[in-house]
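**Student:** Below is one structure. I have some questions about it.
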Amino acid sequence: MPISASPAVATCPAPFSTLHHPNFAVPDLACDTHAHVIAVDTTRYPFTSNRSYTPPPAPEKAYLTMLDALGIQRGVLVQPSIYGTDNRYMRQVLARHTDRLRGVAVIDATASNTELELMHAEGVRGVRINALFRGGVALDSMEQIAARIAPFGWHMQFLIDVAHGLDLLPRIAQLGCDVVIDHMGYLTPSAYGNEALKALEKYVAEKGWWVKLSGAYRLVKKLEDMRQVTPLAQALIQANPQRMLWGSDWPHVAVRDMPNTTDLLSMLAEWAPDEAMRQRILVQNPATLYEFA
């Protein structure tokens, strides 16, 4: 569950370094659509003072090593809230791996066209609105930001609790850009069959919203309960399989109990037992959204 300790205290554990392939054959060109990189040098890349957690380093090399260990060839880096709108480290990593990586930035409405053009060339394909952790860009500015990214065809990604933000969904639907919902809308297993899940299913099915099948460990109180989210994941897949994505959420920031990243990928075999469906979720869908060649 999210940590609420003082931001001045290093509260996040490091991810496990020993990983292996999951319990199914990972297809060629599979993509991890949700991860963060965190620089070792906090002087050059300082954290924002207005943050909800303080993580240990999770640099470029460690992330690529994780992808290789799981047999994943592509990745999408998401700007973590700890850096605010300072996307420099993520952008530098993207620029070194333009064939393999894409990015989701955090910007405000004052970002210049020149900066957005450079980010697009480096591999950025979306922006993130974070309503759950301090340091992100607030919901108030999403319309202005949507207008800024429209010429680039970028999507807008939302870290929101759908169950407590149902009145927000129609507003998001009016943005005029692709919409991506993080971590299955932060719905807990108790949401299965209720109004919040049905609303998200509707927008996925009728509006073509994308959903990241990620962060299962964030939706339960104990790691051993992660498989309780299986009905949620399956319901979302059934709503629109062409809009489902898988993400590791590595390095698993702002939690006390560290999940094993291999286990998180292995769960996809339970959510999508059909090999062709996993191929769509891991390869075809992210290739479309993030414009991989």
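The values are calculated or read from the model by the stated rules, or taken from the named source; none is laboratory data. Keep in mind the model is a prediction, meaning the values are calculated, not measured. Heads up, the Cβs are rebuilt from the backbone with ideal geometry, glycines too, and the neighbour counts pull from every protein chain shown.
**Student:** Under 9 Å by Cβ, and 6 or more places apart or on different chains, what pairs join a residue from the stretch 33-44 that is exposed (fewer than 14 other Cβ atoms within 10 Å of the Cβ) with one that is not in a loop (DSSP other than H, G, I, E, B) and not aromatic (Phe, Trp, Tyr)?
**Tutor:** Partner pairs satisfying both residue conditions: ARG44/ARG88.
**Student:** Separate question: With the checklist (1) at pLDDT below 95; (2) aromatic (Phe, Trp, Tyr); (3) surrounded by fewer than 20 Cβ atoms within 10 Å (Cβ to Cβ) in hand, flag the one item TYR53 doesn't pass.
**Tutor:** Answer for TYR53: the failing condition is (3).
**Student:** Which residue, of VAL127, VAL104, is over 24 Å from PRO189 (Cα atoms), in contact with a Phe, Trp or Tyr (Cβ under 7 Å, 6 or more places away or on another chain) and at pLDDT 95 or above?
**Tutor:** Step by step, each of VAL127, VAL104 is checked, and only VAL127 is over 24 Å from PRO189 (Cα atoms), in contact with a Phe, Trp or Tyr (Cβ under 7 Å, 6 or more places away or on another chain) and at pLDDT 95 or above.
**Student:** Sticking with this structure for a sec: If you check VAL104, VAL93, which single one turns out to be touching a helix residue (DSSP H, G or I) at 6+ places or on another chain (Cβ under 6 Å) and either in a helix (DSSP H, G or I) or touching a residue at least 40 places away in the same chain (Cβ under 8 Å) (or both)?
**Tutor:** Only one candidate passes the filter, namely VAL93.
**Student:** I need the helices (runs of 4 or more DSSP H) fully contained in the stretch 183-293, keeping only those with at least 1 residues that are closer than 15 Å to THR33 by Cα.
**Tutor:** Because the criterion is at least 1 residues that are closer than 15 Å to THR33 by Cα, the helices (runs of 4 or more DSSP H) in the stretch 183-293 that meet it are 261-266, 268-271, 275-279, 285-290.
**Student:** Then there is this: Within the stretch 242-258, take every residue that is of a type outside the set (Lys, Arg) and touching a helix residue (DSSP H, G or I) at 6+ places or on another chain (Cβ under 6 Å) and give me the one that is modelled with the lowest pLDDT.
**Tutor:** It comes out as ASP257.
**Student:** Run down LYS212, LYS207 and say which single residue is basic (Lys, Arg) and either more than 18 Å from the chain's Cα centre (by Cα) or modelled with pLDDT under 95 (or both).
**Tutor:** Working: LYS212 fails: either more than 18 Å from the chain's Cα centre (by Cα) or modelled with pLDDT under 95 (or both).
Of the residues listed, the single one that is basic (Lys, Arg) and either more than 18 Å from the chain's Cα centre (by Cα) or modelled with pLDDT under 95 (or both) is LYS207.
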